[in-house]
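Take a look at the structure below.
The values are calculated or read from the model by the stated rules, or taken from the named source; none is laboratory data. For clarity, every value in this text was computed on a predicted model and none was experimentally measured. In this analysis, Cβ positions are derived from the backbone assuming ideal geometry, glycine residues included, and neighbour counts consider all displayed protein chains. Accessible surface areas use protein heavy atoms only, side chains included; no ligands, DNA or RNA. Shrake-Rupley method; radii C 1.70, N 1.55, O 1.52, S 1.80 Å.
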Amino acid sequence: MEKKTMDWGNLSFGYTPADYRYVSNYVGGKWDEGFLSDQPNITISESACVLHYAQTCFEGLKAYSTEDGRIICFRPDLNGKRMADSCRRMKMPVFPEERFLEAVDKTVRANAAWVPPYGSGASLYLRPLMIGTTPVLGVKPASEFQFRLFASPVGPYFKGDARALTLRVSDLDRAAPRGTGHIKAGLNYAMSLYNIVDAHDHGFDENVYLDPATRTYIEETGGANILFVTPEGKLVTPASGSILPSITRRSLLEVAKTYLGMEVAERPVALEEIGSFAECGLCGTAAVISPVGKIVDHDREFTFEGNGPWIQKLYTTLRGIQQGRIPAPSGWIREIC
């Protein structure tokens, strides 16, 4: 299929609606058969549960063009599982995981012309979401829902390629202990909007959040997990019950062990120890992995080797797997067409 005419190499990470999206509605205690729609707008009641009580969750994954012309997705089964976990926590009906994969396949095939060409640095971002559509006034879960999966071609999440990011330690909390920080609920991100704008206004790229109970351990940023590399080349990622379980982070840990021979550790990471690390990066579906050059904690700064050798190796290897240039572990790549 002939690709759309776009300046693929200069795309931002923004919304450019592709032609089709997958839609399925939950009514009367069951999901309908689902369909592809060319309509990007949703019509719901002004009293819909999602508008008042934020009963919504979402996912993010990407489709890529390979060098030999195939279109593939990276570990979409894990996105389906994570969305199911989010739905259970938010009292929403689980969209069956096998149907989730079917929706991914149908949406990508229908929008194949929007999948950026190999080597462009861009990808087709896929956004599955679910919303409670029942009109409510009292605080209670909806009984009717819509699952939707749309697509948008995107460039890098953080512009500037190898430019190392500058983060600040936030005075605000991202998630409460035993709250919803471990699921991909819209309300978690709403809480971070004020703070990310304030960070940008003060010259920072992102906020680093500490554990809300003691405020002594690193958790994650507003939109990505964080990782560190020791001077000896050991990969360390924070462990916490309120961190979103990133599929990219999980994959990077496996890449580090299996492909690069690195020692890895998932453990609590104290703020006071981050000065001992040589490299730092942010990872997630949108960012993949972006180097961090500095973390500012009020009147002190922790500096890292921006785009250091291990961060670069991790990025290059994972991107090679995602684009089909490097053989992937079994089950990591789903070929769409």
Just a yes or no: is a residue in region 154-165 closer than 22 Å to Pro93 by Cβ, open to solvent by 20 Å² or more (accessible area, probe 1.4 Å) and in contact (Cβ under 8 Å) with a residue 24 or more places away in the chain?
no
In region 59-78, anything open to solvent by 30 Å² or more (accessible area, probe 1.4 Å) and either part of a strand (DSSP E or B) or closer than 27 Å to Phe145 by Cβ (or both) is listed as Asp77
All-but-one check, Thr214 against (1) assigned to a loop (DSSP other than H, G, I, E, B); (2) among the hydroxyl-bearing types (Ser, Thr, Tyr); (3) under 30 Å from Met6 (Cβ atoms), failing number (3)
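Quick grid of which residues meet (1) modelled with pLDDT of 95 or more; (2) farther than 19 Å from Asn225 by Cβ; (3) open to solvent by 50 Å² or more (accessible area, probe 1.4 Å); (4) in contact with a strand residue (DSSP E or B) (Cβ under 6 Å, 6 or more places away or on another chain):
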residue: Val292; (1), (2), (3), (4): yes, no, no, yes
residue: Ile295; (1), (2), (3), (4): yes, no, no, yes
residue: Arg300; (1), (2), (3), (4): yes, yes, yes, no
residue: Thr303; (1), (2), (3), (4): yes, yes, yes, yes
residue: Trp310; (1), (2), (3), (4): yes, no, yes, yes
residue: Leu318; (1), (2), (3), (4): yes, no, no, no
residue: Gln322; (1), (2), (3), (4): no, no, no, yes
residue: Pro327; (1), (2), (3), (4): yes, yes, yes, no
residue: Ser330; (1), (2), (3), (4): yes, yes, yes, no
Answer with yes or no whether Val264 is surrounded by 15 or more Cβ atoms within 10 Å (Cβ to Cβ) and free of Cβ contacts under 8 Å to residues at least 60 places away in the same chain. yes
If we keep only residues of region 166-202 that are more than 18 Å from Cys57 (Cα to Cα) and free of Cβ contacts under 8 Å to residues at least 24 places away in the same chain, then the residue surrounded by the fewest Cβ atoms within 10 Å (Cβ to Cβ) is Asp201
Cys49 meets each of (1) within 23 Å of the chain's Cα centre (by Cα); (2) over 21 Å from Tyr15 (Cα atoms); (3) buried (at least 21 other Cβ atoms within 10 Å of the Cβ) with one exception, condition (1)
